[in-house]
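**Q** First, the structure itself, so that you have it in front of you.
The values are calculated or read from the model by the stated rules, or taken from the named source; none is laboratory data. Since the structure is predicted, the reported quantities are computational estimates derived from the model, not experimental observations. Methodologically, a virtual Cβ is constructed for each residue, glycine included, from the backbone with ideal geometry; neighbour enumeration extends over all protein chains shown.
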Amino acid sequence: MFKPAIFVIFLISVLVPFGSSLQGEAPPSPSDISDQCAMCHEDKAANLQGTPHALPAKGKLVGPGIKVFCQDCHLNPEKHLEDPRVETAVRAADMPAEQMLAACAMCHSSRHVTELAEGNPHLSGGMTCVSCHKIHRPNEPKLLKAASVDLCLGCHRSVSETFNMPSHHPVKEGAFKCVDCHRVLSAFDSPFSIEGTRPICLDCHTEYDGPFPYEHGALNDYTLEGHGCSTCHEAHGSSNGRLLKQPSQTLCMQCHTVPRHFTAHDGIWAKKNCEDCHADVHGSYWNQKLFSQDMVGKPCFRAGCHSL
Ligand code: HEC
Ligand code: HEC
Ligand code: HEC
Ligand code: HEC
Ligand code: HEC
Ligand code: HEC
Ligand code: HEC
Ligand code: HEC
Ligand code: HEC
Ligand code: HEC
């Protein structure tokens, strides 16, 4: 994990010899250094304009905000300033992942950032901030390399196909983004895990939040792979309707054996989907067997054979 204090010592240790090589003169200020950079790399300074990393305006009182200089990201510039060639340059692309993270983390400490530093699968996959962000001349909001969903799908190609399945979340259609579920940004406990699934789903599907007087035990059942909503639903896409992991009867009969359902009434109902009758499968406000209210008038109950 990145330790800011160590980084600061490291930074001083590279800047001090640089200062002292000027034989007694005061070491150049940060803006002296970046002014030099900007003089030779005018285009790079110019294309930061309008982004939060623009050099502080010269001759103006700058507000209380953080000032960003070239060498905050292109670390250890002294060699290059003495001998400005490609070989001595501090290219962002060549910086080791840890150094890059450390540079960005100097100013950015949101959960999004610390999480990456603390073992988000993206970091163990060898990525850094600039795998997703582009600092100079960004085309997209939040300095992203590509539009948010395209960015994710560019690397996660197998995932892309799941969003073409007959039933799918309308992410490619632009209704919402991968990061609305995969909380790369928030203080959510565990953004990629299944444990987080239920609260994430309920953010949008609030009608299933309950509390229901008659809950469906399936939501708190751990016998199958998945938990909460993932017990029955795929998150991305499915060949079954309503994002279901299995066709209706197979899905329910993983946990319920209902032999009488297939023999009663000479089996005339046996071909129906379970939720055709047990429609309040997410929990019921009014009866234990998860029937919907419009079942009340149906002959099976009217005749008094079955109770609600
Ligand atoms: C005296 C002019 C000069 C100064 C000052 C200077 N550079 Fe350079 N820089 C060059 C030259 C020449 C190259 C070689 C490639 C080129 O022409 O872009 C280069 C190359 C680079 C490269 C690699 C470009 C590439 O396409 O691979 C980076 C990054 C860079 N400089 C950053 C900086 C930074 C940051 C500073 C300030 C700390 C700085 N430079 C100061 C002249 C300069
Ligand atoms: C917030 C961090 C940051 C700041 C500030 C910054 N750069 Fe960069 N720079 C990068 C990153 C990251 C890249 C790689 C391409 C990209 O993301 O745009 C890059 C790319 C470059 C390149 C092309 C060669 C390469 O490394 O790929 C040059 C040259 C360069 N920067 C010069 C400058 C100069 C000059 C300044 C100051 C005016 C500056 N940069 C300020 C992060 C920064
Ligand atoms: C010297 C300080 C500093 C450094 C170093 C720095 N940034 Fe920033 N960055 C800022 C400031 C200030 C803002 C504007 C306020 C904010 O959004 O936090 C900003 C904003 C951003 C934003 C949001 C832009 C938006 O439109 O909302 C992104 C993305 C970003 N920085 C990425 C990076 C990356 C990646 C690095 C490392 C290559 C980096 N920053 C290094 C100071 C810095
Ligand atoms: C896997 C891709 C990815 C990586 C890696 C990544 N980001 Fe981001 N970042 C995003 C996305 C996507 C957003 C914008 C989400 C949205 O609002 O739509 C974002 C937003 C941001 C923002 C603005 C919102 C905020 O939290 O303040 C900052 C700043 C930022 N990133 C900095 C960084 C830094 C610094 C790193 C490296 C430590 C980094 N990012 C690594 C994808 C990434
Ligand atoms: C530059 C390529 C790249 C980009 C862009 C990218 N990822 Fe990843 N992603 C990876 C790599 C590499 C891993 C880690 C290896 C793996 O498990 O596939 C990973 C892992 C993941 C995982 C965990 C996978 C698991 O099996 O546990 C999720 C979830 C994920 N990424 C979502 C996203 C989202 C959402 C975005 C867009 C904000 C995104 N990724 C952008 C390359 C990328
Ligand atoms: C509706 C919420 C939701 C959306 C939207 C979503 N995901 Fe997921 N994603 C999940 C959940 C939940 C899991 C874990 C489920 C599992 O493993 O069965 C997951 C698993 C993953 C995984 C790891 C397992 C795998 O299938 O490879 C990756 C990678 C991933 N998502 C990437 C993405 C990308 C890229 C997008 C956007 C195009 C996206 N997700 C959109 C909820 C979502
Ligand atoms: C960011 C909001 C959002 C989140 C988070 C979300 N959904 Fe959705 N969900 C939607 C939207 C929008 C639709 C499409 C509704 C429509 O087409 O009318 C949808 C549709 C569905 C459908 C019906 C699909 C169909 O083919 O009819 C199911 C089932 C579903 N979501 C389950 C889930 C589950 C399970 C999760 C958690 C893993 C989840 N949703 C998370 C917004 C979300
Ligand atoms: C026991 C299995 C099961 C569990 C657990 C489950 N669902 Fe469902 N869900 C279904 C079935 C079956 C349907 C289809 C019912 C229908 O078409 O009326 C469905 C339909 C849906 C729909 C589409 C409703 C519509 O009218 O189009 C959404 C949205 C949904 N579920 C979200 C969720 C959320 C959110 C959770 C977690 C809180 C969840 N489900 C948990 C079985 C389940
Ligand atoms: C992961 C296992 C699991 C799955 C899958 C599942 N259930 Fe359940 N279901 C339970 C548990 C646990 C209970 C509560 C304990 C009990 O009464 O058996 C329950 C209770 C019920 C009840 C009330 C039973 C009673 O006597 O009060 C009905 C009706 C029901 N489920 C229908 C369904 C339907 C329809 C499906 C498919 C859409 C389904 N279940 C899928 C685990 C599951
Ligand atoms: C035609 C309507 C209908 C369909 C379709 C249906 N059920 Fe039922 N189910 C009932 C009725 C009516 C009862 C109440 C029986 C009683 O209490 O007399 C019941 C009761 C139950 C019970 C409570 C325990 C029991 O055996 O009485 C469970 C669990 C259950 N059904 C699960 C399912 C599953 C799983 C499916 C799909 C394979 C399904 N049901 C399909 C009407 C239906």
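**Q** What are the pairs, 6+ residues apart or on separate chains, where a residue within region 216-239 that is more than 21 Å from Ala279 (Cβ to Cβ) has its Cβ under 7 Å from a residue that is more than 9 Å from ligand 9 (Cβ to nearest atom) and among the aromatic types (Phe, Trp, Tyr)?
**A** His236/Phe163; Gly237/Phe163
**Q** Something else: Across region 68-94, which residue is nearest to ligand 6 (Cβ to nearest atom) among those that are among the aliphatic types (A, V, I, L, M), in a loop (DSSP other than H, G, I, E, B) and free of Cβ contacts under 8 Å to residues at least 24 places away in the same chain?
**A** That would be Val90.
**Q** If we keep just the residues of region 263-295 that are part of a helix (DSSP H, G or I) and farther than 27 Å from Asn220 by Cα, which is farthest from ligand 5 (Cβ to nearest atom)?
**A** For region 263-295, the residue satisfying everything is Asp266.
**Q** Name, by its number, the condition in (1) within 25 Å of Phe212 (Cβ to Cβ); (2) surrounded by 15 or more Cβ atoms within 10 Å (Cβ to Cβ) that does not hold for His236.
**A** (1)
**Q** Among the residues of region 127-181, count how many are modelled with pLDDT under 90 and among the aliphatic types (A, V, I, L, M).
**A** Summing the residues that are modelled with pLDDT under 90 and among the aliphatic types (A, V, I, L, M) in region 127-181 gives 3.
**Q** Filter region 124-163 for residues that are within 24 Å of His236 (Cα to Cα) and touching a strand residue (DSSP E or B) at 6+ places or on another chain (Cβ under 7 Å) and give the result.
**A** Scanning region 124-163 gives Cys132, Leu144, Lys145, Leu151, Thr162, Phe163.
**Q** Could you check Thr197 against (1) modelled with pLDDT under 90; (2) more than 16 Å from ligand 8 (Cβ to nearest atom) and say which number it fails?
**A** (2)
**Q** On to the next question. Restricting to region 151-184, give me the number of residues that are surrounded by 14 or more Cβ atoms within 10 Å (Cβ to Cβ) and in a helix (DSSP H, G or I).
**A** Number satisfying all stated conditions: 10.
**Q** Quick test for you: out of Leu185, Leu219, Leu202, pick the one residue that is within 16 Å of ligand 10 (Cβ to nearest atom), hydrophobic (A, V, I, L, M, F, W, C) and either out of contact with any strand residue (DSSP E or B) (no Cβ under 6 Å at 6 or more places or on another chain) or at pLDDT 90 or above (or both).
**A** Leu219
**Q** Might you let me know whether region 25-37 holds any residue that is of a type in the set (D, E, K, R), within 12 Å of ligand 2 (Cβ to nearest atom) and at pLDDT 90 or above?
**A** Among the residues of region 25-37, at least one is of a type in the set (D, E, K, R), within 12 Å of ligand 2 (Cβ to nearest atom) and at pLDDT 90 or above, which makes the answer yes.
**Q** Out of (1) free of Cβ contacts under 8 Å to residues at least 40 places away in the same chain; (2) away from ligand 9 (no atom under 12 Å from the Cβ); (3) surrounded by fewer than 12 Cβ atoms within 10 Å (Cβ to Cβ), the odd one out for Ser307 is which?
**A** (2)
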